[in-house]
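Right, one structure below, let's go through it.
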Amino acid sequence: MSLLPNIIFAIILFSGLGFFARNVSKLKRNIYLGKDVDTSGDIKLRWTNMAKIALGQGKMVRRPVSGILHIVVYIGFVIINIEVLEIIIDGLFGTHRIFSAIGPLYGVLIGIFEILAALVFVAVVIFWFRRNVVKIQRFMKSEMKGWPKLDGNLILYFEIVLMALFIIMNATDVEFQSINSGNVISQFFTPMFEGLNVRLIERIAWWMHIVGILIFLNYLYYSKHLHILLAFPNTYYGSVKPKGQLDNLEAVTKEVKLMMDPDADPYAAVDEDAATPDKFGASDVQDLNWVQLLNAYTCTECGRCTSECPANQTGKKLSPRKIMMDTRDRLVEVGNNIDANNGEFKLDGKQLLGDYITNEELWACTSCNACVEACPVSIDPLSIILEMRRYLVMEQSAAPMELNNMMSNIENNGAPWPYNQMDRLNWKNE
């Protein structure tokens, strides 16, 4: 009978890890629905970007208040959860604070964990206050209503509860309190439990803490907080090209070169290896590459991109954050479609373009890269916008009238203005 708690713990632990592994498998499958893209070059630069941006939080501190608070939560939450290893060992083998065998160092480590837990608690409360009382403008945009707002608050509640359970667990652990070295924060809460069954309270807090962490781990798949896991690969695979450099389609580039080559044979056999693609640009998530889909899942919904967007600032409908959220929502919908149809996607009459993202949003973009520069985890909303614009222009001829006129003028007159090439220098006579 004494093994029953260990058996129950093992069932809960491996069930939680099993669900997490299933979610990771679905996540990987959805991301790789995208087209292949070459990410093999610039290995050293990619590792440097990951170290600076994801690990070092280099772009977060550009906004000092939220940046420093985020670093506190990030470091504190990661380090505190080192003690989860001790909980797992204790739960599986029936021990109690197995790492206390290392002596005085144990008290020092737990003391550091408690200080970090208190700092995380304070930082999370400030984050909640900024979202719900101060109502920072970037959290009040239309795309942040409903589930996105609730999701942001749920994560904050999760973190508050987990930090509180950690402190309560220590405050009611009689053996731990007797060490009198690591209880730098919990000792102040111990008197609150005098006269109560502290052993029972400690056990309840202990169980709730580990179960809460497993729930949190599996909740990530459904939350914007996937960036906790994906920020590292996303910053590694992020574009290392100059931000103003655009990708050209190989088939189009070849056609242009042929047109400009006076020695080219217009009747030469077509090179099948460089054949024209089935579709120009992107109208749905499967037309994007897998790095762009990874971007969508990594979006933190912080809104820095939208707050820096000049089009959004002038009242245009475009929000780079919404572009990423819409891409992720459509990708999840496609993934659910595949799950419901035994691994095969069945046409559902929807697509990313039109059903999620409108033409108006796409053409409001100035292609300035402000959103790309602002993102703290190297997400590139502009690349998705440009691919969808490419589809509108090359597949549907649905560019705005002004752009169509300009392209016609370039084709006919060699310049964007509606003047004959012979008249292009008449301005000098005026």
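The values are calculated or read from the model by the stated rules, or taken from the named source; none is laboratory data. What you see is a predicted model; the values in this text were computed from it and never measured. Quick reminder, even Gly has a Cβ in these numbers, built from the backbone with ideal geometry, and neighbours come from all protein chains shown.
Examine region 158-169 for a residue that is modelled with pLDDT under 95, in contact with a Ser or Thr (Cβ under 9 Å, 6 or more places away or on another chain), part of a helix (DSSP H, G or I) and surrounded by fewer than 20 Cβ atoms within 10 Å (Cβ to Cβ), and state whether such a residue exists. No, every residue in region 158-169 fails to be modelled with pLDDT under 95, in contact with a Ser or Thr (Cβ under 9 Å, 6 or more places away or on another chain), part of a helix (DSSP H, G or I) and surrounded by fewer than 20 Cβ atoms within 10 Å (Cβ to Cβ). Of the residues that make up region 360-379, is at least one free of Cβ contacts under 8 Å to residues at least 24 places away in the same chain and farther than 27 Å from residue 242 by Cα? No - not one qualifying residue is present in region 360-379. Check region 197-220 and report whether any residue there is over 20 Å from the mean Cα position of the chain (by Cα), among the small types (Gly, Ala, Ser), within 26 Å of residue 104 (Cα to Cα) and part of a helix (DSSP H, G or I). Yes, region 197-220 contains a residue that is over 20 Å from the mean Cα position of the chain (by Cα), among the small types (Gly, Ala, Ser), within 26 Å of residue 104 (Cα to Cα) and part of a helix (DSSP H, G or I).
Per-residue answers, yes or no, for (1) at pLDDT 95 or above; (2) surrounded by 13 or more Cβ atoms within 10 Å (Cβ to Cβ); (3) assigned to a helix (DSSP H, G or I):
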{"position": "16", "(1), (2), (3)": "yes, yes, yes"}
{"position": "21", "(1), (2), (3)": "yes, no, yes"}
{"position": "48", "(1), (2), (3)": "yes, yes, yes"}
{"position": "58", "(1), (2), (3)": "no, yes, no"}
{"position": "66", "(1), (2), (3)": "no, yes, yes"}
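Here is a check on your reading of the model: is residue 337 surrounded by fewer than 22 Cβ atoms within 10 Å (Cβ to Cβ), touching a Phe, Trp or Tyr at 6+ places or on another chain (Cβ under 7 Å), on the phi < 0 side of the Ramachandran plot and without any contact (Cβ under 8 Å) to a residue 24 or more places away in the chain? Explain how you work it out, then say what you get.
Details: surrounded by fewer than 22 Cβ atoms within 10 Å (Cβ to Cβ): yes; touching a Phe, Trp or Tyr at 6+ places or on another chain (Cβ under 7 Å): yes; on the phi < 0 side of the Ramachandran plot: yes; without any contact (Cβ under 8 Å) to a residue 24 or more places away in the chain: yes.
Against the criterion (surrounded by fewer than 22 Cβ atoms within 10 Å (Cβ to Cβ), touching a Phe, Trp or Tyr at 6+ places or on another chain (Cβ under 7 Å), on the phi < 0 side of the Ramachandran plot and without any contact (Cβ under 8 Å) to a residue 24 or more places away in the chain), residue 337 qualifies.
Taking the criterion of being crowded, with 20+ Cβ neighbours inside 10 Å and modelled with pLDDT under 90, the residues of region 176-199 that qualify are 176, 182, 183. Selection within region 75-102: residues that are among the small types (Gly, Ala, Ser) and more than 20 Å from residue 156 (Cβ to Cβ). The member of this set that is surrounded by the most Cβ atoms within 10 Å (Cβ to Cβ) is 91. Residues in region 50-99 that are over 29 Å from residue 167 (Cβ atoms) and out of contact with any Phe, Trp or Tyr (no Cβ under 7 Å at 6 or more places or on another chain): 51, 52, 53, 58, 59, 62, 63. For the condition of a type outside the set (Lys, Arg), modelled with pLDDT of 90 or more and either surrounded by fewer than 18 Cβ atoms within 10 Å (Cβ to Cβ) or in contact with a Phe, Trp or Tyr (Cβ under 9 Å, 6 or more places away or on another chain) (or both), residue 105 does not qualify. With respect to residue 173, is the statement that it is modelled with pLDDT under 95, buried (at least 19 other Cβ atoms within 10 Å of the Cβ) and acidic (Asp, Glu) true? So residue 173 passes the test.
Looking only at region 114-132, decide whether some residue is assigned to a helix (DSSP H, G or I), buried (at least 18 other Cβ atoms within 10 Å of the Cβ) and touching an Asp or Glu at 6+ places or on another chain (Cβ under 6 Å). The answer is yes; a qualifying residue exists.
Scanning region 280-287 for residues that are touching a Gly at 6+ places or on another chain (Cβ under 6 Å), modelled with pLDDT of 95 or more and of a type outside the set (S, T, N, Q) turns up nothing. In region 322-430, counting only helices (runs of 4 or more DSSP H) that sit wholly within it, the ones holding 3 or more residues that are farther than 27 Å from residue 226 by Cα span 359-364, 381-394, 401-413.
Taking the criterion of being closer than 25 Å to residue 308 by Cβ, within 21 Å of the chain's Cα centre (by Cα) and small (Gly, Ala, Ser), would at least one residue in region 371-380 satisfy it?
Yes: region 371-380 contains one or more residues that are closer than 25 Å to residue 308 by Cβ, within 21 Å of the chain's Cα centre (by Cα) and small (Gly, Ala, Ser).
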